[in-house]
Amino acid sequence: MAVLNRSNRGRIAIFIDGSNLFYAALELGIEIDYLKLLCYLTNGSPLLRCLFYTGVDPTNEKQQGFLHWMRRHGYRVISRDIIQLPDGSKKGNLDVEIAVDMVTLAEYYDTAILVSGDGDLAYAVNAVSYRGARVEVLGLRSMTSEILLNVADSYIDLDAIKEDVRKTPATGYYYRSFSGIQVEEQISDGNLPNSFD
């Protein structure tokens, strides 16, 4: 299926597993434009909430700036500090928070859009479905659990919509200064962090 079912969706709630989406985009070699993503997912349907779940490193200023930007642009950020494991790897899993929020809010939305491929969320998807809500899953097929696919009402592969949600490089703009001299200035997204590193 290449397109989300956009008819009769009613009020929607969006649940984004930030880490899962980040690694899916990395696999595709793209950067997500989160405003485009929000517009694509809502497509005119009334939005109850758009929740973005992520592990955070409080010392990472780039990440803190990105999360601040997300809060200012329609996302409710739910975060937990990343834990360093003895083997040196880091963990910031928020599956429990996603599951609890999906079930808790189920009476207030008609359609849940889960942006994740994590099979651990299949039970929550089932619970929401039993309460009468429709569940659409968006993820990268190679990173999406078969269990999650089996319980979702519909699925869309991120690869199929990557051009719709891809961040396009800034090309620059012109503005007129007070002196009347026209100056070209390059916009760099380097000041607007969009990653989890």
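Taking the criterion of being over 25 Å from Ile161 (Cα atoms) and in contact with a Gly (Cβ under 8 Å, 6 or more places away or on another chain), would at least one residue in region 30-47 satisfy it? Scanning region 30-47, I find no residue that is over 25 Å from Ile161 (Cα atoms) and in contact with a Gly (Cβ under 8 Å, 6 or more places away or on another chain), so the answer is no. Annotation: Leu149 fulfils all but one of (1) in a helix (DSSP H, G or I); (2) crowded, with 20+ Cβ neighbours inside 10 Å; the unmet one is (2). In this structure, Leu26 qualifies as free of Cβ contacts under 8 Å to residues at least 24 places away in the same chain, open to solvent by 30 Å² or more (accessible area, probe 1.4 Å) and hydrophobic (A, V, I, L, M, F, W, C).
Residue-wise test of (1) in contact (Cβ under 8 Å) with a residue 40 or more places away in the chain; (2) touching a helix residue (DSSP H, G or I) at 6+ places or on another chain (Cβ under 6 Å).
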| position | (1), (2) |
| --- | --- |
| Tyr75 | yes, no |
| Arg80 | no, no |
| Asp87 | no, no |
| Gly92 | yes, no |
| Leu105 | yes, no |
| Gly117 | yes, yes |
| Asp120 | no, yes |
| Ala124 | no, yes |
| Ala127 | no, yes |
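Scanning region 62-75 for residues that are surrounded by fewer than 14 Cβ atoms within 10 Å (Cβ to Cβ) and either among the charged types (D, E, K, R) or at pLDDT below 90 (or both) turns up Arg71, Arg72. What are the residues in region 32-50 that are in contact with a helix residue (DSSP H, G or I) (Cβ under 7 Å, 6 or more places away or on another chain) and surrounded by 20 or more Cβ atoms within 10 Å (Cβ to Cβ), if any? Within region 32-50, Ile32, Tyr34, Leu37, Cys50 meet the criteria.
Quick one: in region 81-103, of everything that is of a type in the set (Asp, Glu) and at pLDDT 90 or above, which residue is surrounded by the most Cβ atoms within 10 Å (Cβ to Cβ)? Write out each step before concluding.
Within region 81-103, the first condition is being of a type in the set (Asp, Glu), and the residues that meet it are 81, 87, 95, 97, 101.
From what is left, the residues that are at pLDDT 90 or above are 95, 97, 101.
Working: Asp95: 16, Glu97: 16, Asp101: 20.
Checking each candidate, the answer is Asp101.
Residues checked against (1) of a type in the set (Gly, Ala, Ser); (2) within 18 Å of Tyr23 (Cβ to Cβ):
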position	(1), (2)
Arg72	no, no
Arg76	no, no
Lys91	no, yes
Val100	no, no
Glu107	no, no
Asp118	no, yes
Ala133	yes, no
Ser142	yes, yes
Glu163	no, no
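Of the numbered conditions (1) open to solvent by less than 30 Å² (accessible area, probe 1.4 Å); (2) closer than 22 Å to Ser145 by Cβ, Ile78 fails exactly one; give the number of that condition. With (1) open to solvent by less than 30 Å² (accessible area, probe 1.4 Å); (2) closer than 22 Å to Ser145 by Cβ applied to Ile78, the lone miss is (1). If you go through region 108-133 and keep only what is touching a Lys or Arg at 6+ places or on another chain (Cβ under 7 Å) and either assigned to a loop (DSSP other than H, G, I, E, B) or farther than 21 Å from Val77 by Cα (or both), you end up with Tyr109, Asp110.
The values are calculated or read from the model by the stated rules, or taken from the named source; none is laboratory data. Quick caveat, the model's predicted, so the values are computed rather than measured. Don't worry about glycine lacking a Cβ; one is built from the backbone with ideal geometry, like all the others, and counts go over all protein chains shown. Calculation scope for accessible area: heavy atoms of the full protein, side chains included, ligands and nucleic acids excluded. Shrake-Rupley method; radii C 1.70, N 1.55, O 1.52, S 1.80 Å.
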